[in-house]
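Below is one structure; the comments refer to it alone.
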Amino acid sequence: MQSLIGTGVALVTPFKKDLTVDVEALKRIVNFQIDNQIEYLVVLGTTAENVTLSSDEKELVIQTVIEANANRLPLVLGVGGNNTSQVIHELQNRDLSAFAAILSVSPYYNKPTQEGIYQHFKAISEASQKPIILYNVPARTGSNILPSTVLRLANDCKNIVAIKEAAGDIVQAMQLIQNKPKDFLVISGDDMIALPMVLAGGSGVISVIGEGIPKLFSEMIRLGLQYKVKEAYAIHYRVANGIDLIFEQGNPAGIKEIFKHLGISENTVRLPLVNVDDNLAKRIINFMEKL
């Protein structure tokens, strides 16, 4: 899993103004990441508005990214949910040959116990032919994967190789880093604390802001991995305001506003998400122009 050290980005699904998937814009986004030194791409995660896509649209997104990437970067596919048997069915029936790993979010809405979370991922592990990255994002799922549960899974399931830790809790992240198995990766899922996590011993980030400013953000993470603290924090403080801005009115509305500013895609999102308001759009554009 050395290929997943550094900066991965959670790809958006660009839509045309008529709300259909914009295939050409998606190709531009993929090439923008590759041209600007991102380490890997994450397909059909939360930022992709995955829950609003039909089965056919998901397949279109997957095939578009595979073709545009042309084996240049490792790919990670989001395969998760709150119905364990449905996740297993997808793993057993989807062609995963193009992907280095899957990213699987902790069950949402059901609010399982820690034992339920453990059994969910253990069952997925037994069904998966690919390495698994756990995804802990309590703000979206309503429940936290405790470090003890993560470590239990990491030790019991050899194909559970990493966690995208997005609890926004640096103490919890440090507990994971301190006690994890040697080769297990702790990946930040929170752009604002990605650098502190890396400097504490984390393996990188799966980023949203990095998709809009890939060259600068990935350089920050590389400097962090080299423990060049002063140089890395110099970049962090240049981009920190932008991180706050893109999440102020929801993800991916903010990052799509950056792509519109860059001329790469429209800023269209699907309901129940809405575009950022005019005031925030102006502040995002001002941030990008100053940057």
Looking at the range 258-284, which of its residues are in a helix (DSSP H, G or I) and within 23 Å of GLU219 (Cβ to Cβ)? ILE258, PHE259, HIS261, LEU262, ILE284
Looking only at residues in the range 128-149 that are over 16 Å from ASN82 (Cβ atoms) and of a type in the set (A, V, I, L, M), which one is surrounded by the most Cβ atoms within 10 Å (Cβ to Cβ)? ILE133
Examine the range 82-97 for a residue that is touching a residue at least 24 places away in the same chain (Cβ under 8 Å) and under 16 Å from the mean Cα position of the chain (by Cα), and state whether such a residue exists. no
Being polar (S, T, N, Q) and in contact with a Ser or Thr (Cβ under 8 Å, 6 or more places away or on another chain) is the filter; apply it to the range 194-243 and report the residue that is farthest from ASN179 (Cα to Cα). SER218
How do the pairs read when you match residues in the range 150-174 that are touching a residue at least 12 places away in the same chain (Cβ under 8 Å) and open to solvent by 10 Å² or more (accessible area, probe 1.4 Å) with residues anywhere that are part of a loop (DSSP other than H, G, I, E, B) and of a type in the set (Ser, Thr, Tyr), using Cβ under 7 Å and keeping only pairs 6 or more apart or on different chains? ASN159/SER128
Working only within the range 180-237, note down all residues that are more than 26 Å from ARG140 (Cα to Cα) and among the basic types (Lys, Arg). LYS182, LYS215, ARG222, LYS228, LYS230
Inside the range 184-233, counting only helices (runs of 4 or more DSSP H) that do not spill past its ends, which hold 1 or more residues that are surrounded by fewer than 24 Cβ atoms within 10 Å (Cβ to Cβ) and on the phi < 0 side of the Ramachandran plot? 194-199, 214-225
Identify the single condition in (1) outside any helix (DSSP H, G or I); (2) of a type in the set (Gly, Ala, Ser); (3) within 21 Å of ASP183 (Cα to Cα) that GLY250 does not satisfy, given that it satisfies every other one. (3)
Considering the range 268-291 alone, what residues qualify as being under 22 Å from the mean Cα position of the chain (by Cα) and either more than 15 Å from THR52 (Cα to Cα) or open to solvent by 70 Å² or more (accessible area, probe 1.4 Å) (or both)? LEU271, PRO272, VAL274, ASN275, VAL276, ILE284, MET288
Considering each of ILE255, ILE264, ILE209, ILE235 in turn, give the residue that is free of Cβ contacts under 8 Å to residues at least 60 places away in the same chain, under 20 Å from GLY45 (Cβ atoms) and hydrophobic (A, V, I, L, M, F, W, C). ILE209
Just to be sure I understand, how many residues within the range 21-67 are without any contact (Cβ under 8 Å) to a residue 24 or more places away in the chain and among the polar types (S, T, N, Q)? 3
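The values are calculated or read from the model by the stated rules, or taken from the named source; none is laboratory data. Since we're looking at a predicted model, the values are computed, not measured. When we count neighbours, we look across all protein chains shown, and the Cβ atoms used for this are built from the backbone with ideal geometry, even at glycine. Surface areas here come from the heavy atoms of the whole protein model, side chains and all, with no ligands, DNA or RNA. Shrake-Rupley method; radii C 1.70, N 1.55, O 1.52, S 1.80 Å.
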